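Below: the structure, in structure tokens.
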Amino acid sequence: THCCRGIRLQDSTAMYVKDCSVENLSDNGIYFAAGSYKSDTGCNGCTVDSCTVKDVGQTGLMNIGGDNNQFINCQVNNSRGAGGAIYNTNGTITYDNCTFTQANNEKTTTPWGGNTDDYSGAAFGMSVQAGDTSANAKVKNSSFVSVYDSVFFKNSNVGVLTSENNTIDFSKFNGEENELIDLIDVSSSRENLVFVDDEPAEFRLLSTIL
């Protein structure tokens, strides 16, 4: 608590982080990092389980590079950047049974003066390079509550982002009752962005690639 970053694991294999809490941070909450910041390095086969991230100045749960990593049973509450974020992976990254509340609520600068990783204001963002054609991001059985702009952002048609069986509370986004926001950010690519059996009911038919 009261530091720059919460938990940062870099270029590691089979690491397991469980039942941890981080809060009042100026940078990312919990994340898997890559030495090169590209998909050729990073963590592999790692898990963050049942952890809580609260009041952070960047993203809540982030993955950079690597493959076969997962965030399960986690909660993110009040992040200035995206609640969940993927950057330059060429493998499978999974977010399962996570809750994102008040994500991306304020554009700001990081401690080193850079811009917040806000993924165009979305609660969950994916950004990969042109060569990351095997990038496979999965968000499932998760909840999005009181988000300030949009739910999903994908930077290009490269890779696949799948939303499956998630609950999205549109009535309370941006802290205002009945103020609707975008399921897909207006600046997001819609190619290889897949919705399967999401709630509310009007989105259950979005089970094909948009």
Q: Collect residues whose amide H, placed 1.01 Å from N in the peptide plane, falls under 5 Å from the amide H of Tyr95; neighbours closer than 5 in sequence don't count.
A: Phe71, Lys138, Val139, Lys140
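For the chain, what is the accessible area per residue in Å² when the probe is 1.4 Å? Kindly include the intermediate steps, with their values, before the conclusion.
Working: 8860 Å² over 210 residues.
Accessible area per residue, the chain: 42 Å².
Over the chain, what portion of Cα pair distances is larger than 31 Å, expressed as a whole percent?
Numbers: 2067 of 21945 pairs.
More than 31 Å apart: 9 percent of the Cα pairs in the chain.
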Q: For Met15, tell me the accessible area in Å² from a 1.4 Å probe, rounded to the nearest 10.
A: 80
(Q) Given the whole protein assembly as supplied and a 1.4 Å probe, what does the accessible area of Thr41 come to in Å², nearest 10? (A) 40
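Accessible area, 1.4 Å probe, largest first: how do Ile93, Ile72 sort? Walk me through the numbers before you get to the answer.
Values: Ile93 0, Ile72 30 Å².
Descending order: Ile72, Ile93.
Which value in Å does the Kirkwood hydrodynamic radius of region 109-161 take, with 1/r averaged over all unlike C-alpha pairs and then inverted? Kindly include the intermediate steps, with their values, before the conclusion.
Values: mean 1/r = 0.0792 Å⁻¹.
Value: 12.6 Å, from the Cα pair sum.
Report the extension gain between Asp169 and Thr13 in nm, rounded to one decimal, defined as 0.36 nm multiplied by the number of residues separating them, less their alpha carbon distance. Before the final figure, lay out the partial values.
On the way: separation 156, 0.36 × 156 = 56.16 nm, distance 3.56 nm.
Extending this stretch completely gives an extra 52.6 nm.
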Q.
Cβ neighbours within 10 Å, averaged per peptide: list 30-38, 116-124 in order, most packed at the top.
A. 116-124, 30-38
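The values are calculated or read from the model by the stated rules, or taken from the named source; none is laboratory data. Keep in mind it's a predicted model, so treat the numbers as computed, not measured. A quick note on method: Cβ atoms are made from the backbone with ideal geometry, for glycine too, and the neighbour counts reach across all protein chains shown. The protein model used for the area step is the full one, side chains on, heavy atoms only, and it has no ligands, DNA or RNA in it. Shrake-Rupley method; radii C 1.70, N 1.55, O 1.52, S 1.80 Å.
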